[in-house]
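Trainee: This structure is in structure tokens; I'll ask about it shortly.
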Amino acid sequence: MSEAKTGLPPGPGPNPLVCVVIPEGADPPEQTIKEVSCVAQVAAGDGGSTSSSIRSFLFPNGPHLDTNSAELAALGVWCGLRAVRLPDGSVAVSSDVTAKLQTLPEVLAKAARLLPKKREKSLGSNRLLQHLSNAGLLSWSSWLFHPLRSLSRTIPLRVKQEINRTTGSALFDLSFYVQFQPQFVQFERQSLNVNDAGFQPLRYSPKFDAGKQRVAIVIPQLGPGGAESVLLDIVSALDRNRFEILILATHSEDDRWRARWEACADHVYDLAPAVPAAYMTGALYSLITNWKCGIVLVQNTMYGYAILPAIKRARPNTQTLDVVHAIDEQWNQADYTAPFDSSIDLRLAMSAKAHTALLTTGTTAERLKLLRAAVPLDRFAPACVRNGETRQILYAGRLDAFKRPLLLVEIAARLREMRGRLDFQFVIAGDGPEKARFLTAIQRKDLGRAFRFLGLVADLAPVYAAADVVILPSRTEGLPLVLIEALACGRPVVASNVGDIPELLDSCGIVIDIAPGEVEKYAESLNLLLNDPNLRHSLGEAGRKKVVERHDPAIATAAYRAIFEGFQASG
């Protein structure tokens, strides 16, 4: 791949990390890092690399190349990948792949063999296949190129934990499991520790705006969710003339909100395609320190928490903060993140329960602030949209096991018995891995007419307006944004007695304990509300009043802005 034929200058500096292969005469693409050079498309007979310092070659997917693709390509090869498909569809290959091949088709054909197959989003109700897919064990390339790693993943997690505990060493690397079960991982004994003696971060020079303070927002995914909505509000509140914002998603398999993140941030990184789990903390550390971020915020990703001690040692003036949502027996963020508390300058609790839990686990009062999630009160407002005589019971949320959507089938069957007729309908706004089992359960109970599936809904406001009651039977929750929105719309709610739901629904809803007989209690509560429009109205009014008092977006935006603008720039 000869650079001499192109007439395109190499990137600044003598040591480019990435070489972008572009058509003859095309303008070099704008990238976030300086260590980039460009060459024209290779012809037969061209071989070898343009420079011994180049670690990877990047092949754009058409004329568009995301500005951070070269940076992701460099990180992917630094992690040991020989080929990686990036979120924009471009493909990066390590220089050792190109060195022995003669033509572009040969390179791309070799890359196609090296690329891991795309994991299926859902494998129906087969739990074993779903677990094997999550572990990457359904991909032949995983076994071909990483046989020992793949074999180790067939050993039960608890067995590997016990071996590590008994030997007192990280014989098994458990960093892969952090994305699924963070509560089981002891970070100080795993390769997640970025201060391990053998760790060498990837060094490069980003093209940042020296007049702005850089903010790194470390999150698990780029898809929709209540916690993600809160963080979007926080990021949107920041002054883009003062802050340069980086979104770092550590293990996203859902990027449906990517456009929303791009609208309020300067740089959006979907790291999962380019960075294996074992290297995730190293990649985060490299990104944040290379960009010289003055503020680092972590939400819901243990990879992000794991790097905070090292970030504080490397850059003591960097301000660190986190957002804590879920506090219950199943998912207690205060407990899981307690080992990193001393490395966090400010902790933002999104509910009174989270605030109390953080104090209990050791966070000092001066480093803790209680905030409330906000909803647009003008968009989510009381309205009445009647749909004949059939009463609407709305479930809005992901069809995931922890939200227990299948319980709705049992509740519907019992409610039909109580009412002696099918004059109601459960409206399901959402999608997810439990949908296949959900549909099967409905069919077995002959309740097809009792359910209507809307799929993913971009704007829930009109769906709330058409509902008579909202239900959420989750096994675990923090402070669900969907319930705040429902209350803002003046809709009564029936939900599980978990997380911060009891506090939210005090005087404006009904909470049900997770215990034997709960199906009967759900059915009784729904039957009561469907029969009593005055009760629905009074609960709805109380809910709207509470949301107006506690979740006003103007108050929330001012609070978010004050927090970030109060931090001193660290250079």
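Trainee: Would you mind computing, in nm to one decimal, how far apart the modelled labels at LYS292 and ASP513 are, each placed 7 Å from Cα along Cα→Cβ?
Mentor: Once both label points are built, they end up 5.9 nm from each other.
Trainee: Further question on the same structure: Rounded to the nearest 20 Debye, what is the dipole magnitude of the range 434-539 about its Cα centre when Lys and Arg each give +1 and Asp and Glu each give -1 at the C-beta? Don't skip to the answer; put the middle values down first.
Mentor: Values: 10 positive and 14 negative charges, 117 e Å.
In debye, rounded to 20, the range 434-539 gives about 560.
Trainee: Return the inverse of the average 1/r over all pairs of distinct C-alpha atoms in the range 366-504, which is the Kirkwood hydrodynamic radius, in Å to one decimal.
Mentor: Values: mean 1/r = 0.0633 Å⁻¹.
Hydrodynamic radius (Kirkwood, Cα pairs) of the range 366-504 is 15.8 Å.
Trainee: Also, quick follow-up: If the reach is capped at under 13 angstrom between alpha carbons, list the aspartates and glutamates near LYS34, excluding any in the same chain fewer than eight residues apart.
Mentor: GLU71
Trainee: Once the other residues with Cβ under 15 Å from the Cβ of GLU244 are scored (Lys, Arg +1; Asp, Glu -1), what is the net sum? Please report the intermediate quantities before stating the final value.
Mentor: Numbers: positive: LYS207, LYS212, ARG214, ARG240, ARG242, LYS292; negative: GLU71, ASP209, ASP239, GLU262, ASP266, GLU565.
Net charge around GLU244: 0.
Trainee: As a test, work out the antiparallel percent of DSSP beta bridges whose residues both lie in the range 212-361, rounded to the nearest 5. Before the final figure, lay out the partial values.
Mentor: Numbers: 1 of 24 bridges.
Counting only bridges with both partners in the range 212-361, antiparallel ones make up about 5 percent.
Trainee: Another question, then. Which order do you get for LYS312, LYS445, LYS521 if you rank them by accessible area with a 1.4 Å probe, largest at the top? Display every interim value, and only then the final one.
Mentor: Values: LYS312 45, LYS445 80, LYS521 105 Å².
Result of the area sort, largest leading: LYS521, LYS445, LYS312.
Trainee: Next question. How large is the charge dipole for the range 213-336, taken about the Cα centre, if only the Cβ atoms of Lys, Arg (+1) and Asp, Glu (-1) carry charge, to the nearest 20 debye?
Mentor: Details: 10 positive and 14 negative charges, 136 e Å.
Once rounded to the nearest 20, the dipole reads 660 debye.
Trainee: Bin width 5 Å, origin at 0, all Cα-Cα pairs of the range 452-514: what percent of pairs per bin?
Mentor: 4, 18, 31, 23, 16, 8, 1
The values are calculated or read from the model by the stated rules, or taken from the named source; none is laboratory data. Please read these numbers as outputs of a predicted model, since none were measured by experiment. A quick note on method: Cβ atoms are made from the backbone with ideal geometry, for glycine too, and the neighbour counts reach across all protein chains shown. All accessible areas refer to the heavy atoms of the entire protein, side chains included, with ligands and DNA or RNA removed. Shrake-Rupley method; radii C 1.70, N 1.55, O 1.52, S 1.80 Å.
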